[in-house]
Structure formats: structure tokens, C-alpha cells
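Structure, as C-alpha cells:
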Amino acid sequence: MLLGDKIKKITALDTLYWSIGLLAFSIPLYKKIIPFFVIFFIICWAFYFIKQRKQIQFDFNIIRIFSILFFAIYALSMLVTTDIQKGKFDLEVKLSLLIFPLLLSLIGKRFWSKKHFQNIQLLYVLAAIIITTTCFGIAFYRSFTIFFTKDFFTYTYLSYVQHPTYLAMYVNLSITIVLLKLIELWHNSKLIKRVGLCLLLFYLMLFVFLLNSKAGILVMFLNVLGIIFVFTVFKKKIWFVLLLLGAMMLSSVMVVKMVPFVGNRFVDMISSLKNIKNISPNTENDSEQRILIWKYSSDIISNHWLTGVGAGDVSKNLNEEYVKNGFHHGIEKNLNCHNQFVQTFVATGISGFIVLILLVCSILILAIKRKSILGLSFFIIVTVTMLTESILEVQAGTVFFGFFIAFLFSSNSD
């Protein structure tokens, strides 16, 4: 009987580990398969929790608490929402911000081991390799079966199954994981393994360049520079700093020379900032369109700064501003705020905005406190992306954010 109980406990534990690993594996792949893995994770969690409920020590931290509070504020915003149906849909999208921090806090402080933690990261990187390879495969197939053009190898044409900014966000986290693995194995691995990891790193960085997402490329540079800073100040790894800087400069020059439209995107962005006071509502430039959206959003915030307009009424209020100002692209595409901080302020007022700021700051604080380079990298990735995209308004962003704030900052993760 005792042996049977032990087997059942091991089965519950292993199944839960695998459900978390499969969930991490599914995130970079195809968004329609993610809900099935989330359901599988919840079932496995319930089975494990029932079996181990007497031994579990809860594992809440400030990040998880702020994430749950953030979801609660959005739920309360339903009190001022007139479009209840859209409000319910918005809450469904944000469920990951409640489910992952809550459930992973209820499986205990001693749940994670270094081996399991690394295996889940490797599964995530494997998925990133699969999806990027698939995107390249589709681009080559189109080139041979339709007609050859470099456009198939960039932006939305290359990012076939996902928005370029979100795919860049996924790949950027993979770059950090591979980079840290390379550092860990540098002195104690064979040359072929080091070369393989270097090539994989270059491949993932090249893919981010070709995605041609301004936010993705900026995140990649800030992310790598952040890691360089950490190793310079805390680890004193001068050899690594020089190697990484050299690799970045070489790859950047190569990409800009080979793919000039990457540089052109940033030239357009700089010209938009210079022309910020004279932007036409009919502009085709996406950077200028974002600036206009933020301007119109600020008008809504000034009138609803205390409570916001409610989770379900953001789109309605934005479209009213678009119509009033003759911003036809915003109306046709039903554009959101393209900035998560602004989006949250419009939806929930000052309380949601403050909690989101505290949530993001708590990621940085806990990463520094635990000396977690991966945590610092995640902070850079999500914060910079939030400045140009409302990542918590779509499943692609909420599952990524909700899962990794819960997973990366578990008690034994560092």
C-alpha cells in the first residue's frame, strides 16, 4: 500500500512538471493550441494539490500578489462598463494573470528543482527553434511556388502564425536562455557544443532582425546590453563582454548591409518623432499612428482618470475619438492604445495604472534581489514591449506574461 501511494505521488508530481513544460513549449507555437495545454495544466495541478495538500507551503511573492490584484481591478471595472459582453471577453483574455500566479503559488516552495527548471526553459527554446524554422520554411516555399521576393523573409510575411512583435518577444527570451547556457558551459564543454550554441544564438538574433519589429530589435539590443552590464559590474567577465559586443556589432552591420529595410524602419521612426507636432490624421506611418493614438487616449484619460471607462468600453471610447479627429486608420483597424500603461489607464483609471506600474517594478526589484539575469531580461522584454503594444489585451501577451512572472520568480527558480 505504501509503495502504491509513493507511485501515485510520483505520478502526480511528474505529470504536473510535464504539464508546465508542455505549456511553456506551446507558448511560442500556435495560439489556438495553448488553451488545451492550460486546461491540461489545471487538471494536473488539481490532482497534485489534492494529493499533496498537507505538505504544501504557499509561495506567494509581491509579483504574484500584484498580478492577482491587477486582474481584480479589471474585474471591478465591469461596474462602470456599459458593454458587458466585451468586458467579459477582456476578463477571459486576462485570466492567465490570475490562474498562473495563483496556482503556482499553491504548489509549494519546494516544488522546483534546478533540473526541472532548466528542462522547462529548454522546452521553451525548442519551441522557439521549431516556430522560427517553420516560418523560414514557409518563406522559402512561397518564394519557390509563387515568386521570389525578399518580402517573404520579413515582418508579417515571415511571422506567418503570430504578430511580429509578439514573436520577437518570445524569441528574445529564448536568446537570453541560450546566452546564459553558453556562459554556463563555456569552460566545461566541448568546442562543438560551444560553436553550436553560438550559431543558435546568431540564428535567433538574425530572426529578430528579419522580423523587422522596431520594438523587438530595440528589446534585443537593450536585453543584451543589460546582460553585458550585469557581467561587467557583478561578474567581472571582461572576455565575455568583449566577445558579445563584437558579435553584436558584426551581426548588426551584416544585417543592415544585407537587409537595408531594417534600418529604414528606424529612420522612419526618428523622422516621426521630429515631426510630432504636425502629424496628419491620414498618415500611413505606423509610428506616427501610435503617437496620434496616445494623444487621443490622453483626452479620454483626462475625462475618466479616476475610474476609467471600464474594460469593455475602451474600444468604443477610442473609436469616438478617432471619428472626432478624422483618424480613419484607427476606425478601420479598430486600433487599441498600443501602449499597455495607457490602455490600462483608459480602462481602469488611476488604480489600475498604479498597480501595473507596481507589478512591473516588482519584477525588477525581485530580479535584482535574487541576482536573476533571466528575471532582469524578462523585465526588459516585457516593459519595452508594453511601451509600444498593449500586450495584456490579447492571449499571445497575457499567457506569456502570466506564465513567466509565475514561473521565473518561484522561490527556488534562482
For segment 48-91, average projected area of the Cα convex hull in nm²: 4.6 nm²
Rounded to one decimal in nm, the spacing of the 7 Å Cα→Cβ label points at residue 106 and residue 302 is 4.5 nm
With R₀ set to 41 angstrom, the calculated FRET efficiency between the beta-carbons of residue 186 and residue 357, to the nearest 0.05, is 0.65
Calculate the spin-label point distance for residue 229 paired with residue 387, positioning each point 7 Å from the Cα along the beta-carbon direction, and give it in nanometres. 1.2 nm
Rounded to whole Å, sorted largest first: equivalent-ellipsoid semi-axes of segment 70-142, Cα gyration tensor: 34, 26, 6
Mean-position separation - Cα centroids, segment 346-407 and segment 185-235, in angstrom: 21 Å
At a Förster distance of 25 Å, what's the computed FRET efficiency of residue 319 paired with residue 95, Cβ-Cβ distance as r, to 0.05? 0.45
Any of 86/316; 114/181; 88/333; 88/316; 88/324 with alpha carbons more than 20 Å apart? Name them for me. 88/333; 88/324
Least to most buried among 122, 292, by other C-beta atoms within 10 Å and fewest first, runs 122, 292
Whole-angstrom gap from segment 143-168 to segment 75-107, using each part's C-alpha centre: 33 Å
If you bin the C-alpha pair distances of segment 95-202 every 10 Å from 0, what whole percents do you get? 12, 30, 30, 20, 6, 1
Hey, what's the Kirkwood Rh for segment 344-414 if you take every pair of different alpha carbons, in angstrom? 12.7 Å
Taking other Cβ within 10 Å of each residue's Cβ, how do 346, 161, 399, 93 sort, fewest first? 161, 93, 399, 346
What's the ranking of 22-28, 37-43, 137-143 by average number of surrounding C-beta atoms within 10 Å, highest first? 22-28, 37-43, 137-143
Length added when fully stretched, residue 328-residue 222, from 0.36 nm per residue minus Cα-Cα: 34.8 nm
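Every number in this text was worked out from the coordinates using simple rules, so none of it is lab data. All of these numbers come straight from a predicted model, not from anything done at the bench. Cβ coordinates were reconstructed from backbone atoms using ideal geometry, including for glycine residues, and neighbour counts include every protein chain displayed.
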